[in-house]
Amino acid sequence: MRIYPWMGFVVTFLFLATAGCSEKQPEKVSPKSYDVHGKVTAIRPDRTGVTLDHDDIPGLMKAMTMEFPVKDAKVLDGLEVGDQVEGKLLVESGKYLIAELKKR
């Protein structure tokens, strides 16, 4: 049996060409949850977001006033502008979402 010098190149090329072809599913990263405390300064009329003047959120951000989208309009049930609140903020892929909020 005769082995040609270029066969090693062909075998290596075929191996490398097919090595990246496996279909890996991206890993599912679960959202991080943070406690949030603050004051409601606005509620969107369509009830899809709330503006909070919030305290520091350790490990995430300093105190500030900003609007957050809410997971569901029910999160805002019973809340009014001026209420002191506490709840859970979910962060996933750089996106924020208020998952729960209640009066303090």
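Only the coordinates and a few stated rules stand behind these numbers; no lab work does. Here the structure is a predicted model, which means the values were calculated and not measured. In this analysis, Cβ positions are derived from the backbone assuming ideal geometry, glycine residues included, and neighbour counts consider all displayed protein chains.
Here are the numbers:
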quantity: Calculated from backbone phi, Karplus (6.51, -1.76, 1.60) coupling profile of region 54-61 in Hz, x at Gly/Pro; calculated: 9, 6, 3, 10, x, x, 10, 7
quantity: Zone residues, region 28-55, relative to ALA63, backbone N less than 14 Å from point 7 Å out along Cα-to-Cβ; calculated: 37-40, 53-55
quantity: Other-chain or far-sequence residues with amide H under 5 Å of LYS39's (modelled H); calculated: ASP53, HIS54, VAL85
